[in-house]
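Worksheet: the structure to be examined is printed underneath.
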Amino acid sequence: MIRKELLEVRWKFFILGPLILLVAGMNVSPYTPFGTSAVSNLNAYVWQQWFWIGGPGLLGFMAAFLGSGLIAGEVNKGTLYFLLTRPISRKRILLTKYATSMAILLILALTASIVIDGICLLLGHPQEMLNLLIATGLLWLSTLFPLSLSLLFSVISTESSRPLIYSLLFILTLAALPPLLLRDQNWSLWHYWSSREVYLGNGFPLKEYLVCLLTAVLPLLGALIAFGRRKY
């Protein structure tokens, strides 16, 4: 089952994976200190360019792209019926697909951080390893929400393109609309996908981790319930 899933997503990994790593490196490599602004510090620059902007955007899209075809893709190819006739519960089928995508996203997040740290070493300013790992873990957790959400839409919809579109629209709405209406960034989902203070060495982002876990678990539970009841 796991081998099948890896074969299914390998082309997505080999196309989008190098692009993500390239962007991660390009986000950091042009760094030049200037003035007294926040980005004059390399650590703040790395956080701003990758962990605040580039990472959540690219890896979030990758997560939604992976999740959108997990079930809808099987329906379109006509292989879901044969998958459901195997002596494996629907819950296990869905969780195996989800776990495979989780592992791919974790590998990409860790590899991107290795690339970034390597470039920072070349610039003569290596990153604090603990802060880098904490930020990478938070970045990975943030991708689980679009993965879970697109999986839910993939169960509900029968076309693989619709779950991706629905997920991106839903995520953009949650990220942009609440702070615009309430004038408070704390209501933006994007606000919890990274932490500048923690990356600069101030504490642990417990609240951010909990928010990311909660937003990942809720749509995943919805997908499990919907997949268990859906007739194909």
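Taken together, the values in this text are just the output of simple stated rules run on the coordinates, not laboratory data. If you're wondering where the values come from, they're calculated on a predicted model, not measured in any experiment. As a convention, Cβ positions derive from the backbone with ideal geometry for all residues, glycine included, and neighbour counts pool all protein chains shown.
Some values worked out for this structure:
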| read-out | value |
| --- | --- |
| Whole-angstrom Cα spans of the chain along principal axes, big to small | 63, 40, 27 |
| Segment 139-232, relative contact order in percent, only Cα pairs under 8 angstrom and at least six apart counted | 40 percent |
| 10 Å binning of all Cα-Cα separations within segment 148-232, expressed as whole percents from 0 upward | 16, 36, 31, 14, 3, 0 |
| For segment 2-229: lysine pairs under 20 Å (alpha-carbon distance), excluding those fewer than 8 apart on one chain | 7 |
| Exposure proxy ranking, count of Cβ atoms within 10 Å, fewest first, for F145, F82, F65, F153 | F82, F65, F153, F145 |
| Crossing angle, helix 129-156 versus the chain [Cα axis fit, 0-90 degrees, rounded to tens] | 30 degrees |
| J(HN,Hα) series, segment 195-207, from Karplus relation 6.51 cos²θ - 1.76 cosθ + 1.60, nearest Hz, glycine and proline x | 9, 5, 4, 5, 5, 8, x, 10, x, 10, x, 4, 4 |
| Hz values of 3J(HN,Hα) by residue in segment 48-60 - Karplus curve (6.51, -1.76, 1.60), Gly and Pro given as x | 5, 6, 10, 6, 9, 10, x, x, x, x, 6, 5, x |
| Estimated 222 nm signal from helices in the chain, with DSSP H stretches of n ≥ 4 weighted -39500 (n - 2.57), rounded to 500 | -24000 deg cm²/dmol |
